[in-house]
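Beneath this line is the structure, given in structure tokens, with notes to follow.
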Amino acid sequence: GCAHCYLDAGTRNKGGPKELCTEEVQEILDGIADLSEETMVVFTGGEPTLRRDLVDLISYATGLGLMPVLGTNGTLLDDDRLQALKAAGLQGAGISIDSLDPAFHDDFRGLKGSWDKAMAGIDACRRNGVRFQIHFSVTEDNAHELDDMIAFAKSAKAFVLNVFFLV
């Protein structure tokens, strides 16, 4: 898995006893909507696109007047998935790109081919009219790429580049 993720592999793959079921997430969304409508809700993880109920949760949040967005590795975003999520009310996606060097990104993510799949996810967002931003986690090993990442985000037509510093 990702070197910086706080989930262990077992929880990531099978869920855990503390993972919220659909109804529990809906109750939390109800509570958020009771406090304030027009609030952005970020579905993130781990990896939110692994949830089988994600379209239902996005639709539920939209129905409450909330603004649902994803924080994702982008590897599971294809045309069909994005069309379903967009129809449910998804307002955007933040896609993590850790390097413009595919081998570095794949190593950081712990999965060969993840850079190519993330790039395909970005392309799918553009094709399907889903606004996306790039999430770049800066480490000592990739800090030299910041200027290039800014240029990449512009050329990719990202809505925003978010730069994160690991603590």
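Checking each residue in segment 36-46 for being in contact with a strand residue (DSSP E or B) (Cβ under 7 Å, 6 or more places away or on another chain) and open to solvent by less than 30 Å² (accessible area, probe 1.4 Å) picks out Val41, Phe43. Taking (1) under 12 Å from the mean Cα position of the chain (by Cα); (2) under 22 Å from Asp141 (Cβ atoms) in turn, Ala93 satisfies each apart from (2).
Of all residues in segment 107-149, those satisfying the criterion of being out of contact with any helix residue (DSSP H, G or I) (no Cβ under 8 Å at 6 or more places or on another chain), assigned to a helix (DSSP H, G or I) and over 15 Å from Thr72 (Cα atoms) are Asp107, Arg126, Ala143, His144, Glu145, Leu146, Asp147, Asp148, Met149.
The residues in segment 82-104 that are open to solvent by less than 30 Å² (accessible area, probe 1.4 Å) and of a type outside the set (Gly, Ala, Ser) can be counted, and the count is 6. Whenever a residue of segment 40-51 is under 15 Å from Gly110 (Cβ atoms), its partners that are open to solvent by 60 Å² or more (accessible area, probe 1.4 Å) and hydroxyl-bearing (Ser, Thr, Tyr), lying with C-beta atoms within less than 9 angstrom and at least six residues away or across chains, give the pairs Gly46/Tyr6.
If we scan segment 74-81, do we find a residue that is over 12 Å from the mean Cα position of the chain (by Cα), open to solvent by 30 Å² or more (accessible area, probe 1.4 Å) and more than 21 Å from Leu50 (Cα to Cα)? No, segment 74-81 has no match at all.
Looking across segment 150-167, just one residue is within 14 Å of Asp123 (Cβ to Cβ), part of a loop (DSSP other than H, G, I, E, B) and open to solvent by 50 Å² or more (accessible area, probe 1.4 Å), and that is Lys157. Any residue that is in contact with a Gly (Cβ under 9 Å, 6 or more places away or on another chain), hydrophobic (A, V, I, L, M, F, W, C) and at pLDDT 95 or above - is there at least one of those in segment 81-91? So far as segment 81-91 goes, yes, one or more of its residues are in contact with a Gly (Cβ under 9 Å, 6 or more places away or on another chain), hydrophobic (A, V, I, L, M, F, W, C) and at pLDDT 95 or above.
The values are calculated or read from the model by the stated rules, or taken from the named source; none is laboratory data. Note that this is a predicted model, so its numbers are computed, not measured. Please note: Cβ atoms are built from the backbone with ideal geometry, for glycine as well, and neighbour counts cover all protein chains shown. Quick note on the areas: whole protein, heavy atoms, side chains included, nothing else; ligands and nucleic acids left out. Shrake-Rupley method; radii C 1.70, N 1.55, O 1.52, S 1.80 Å.
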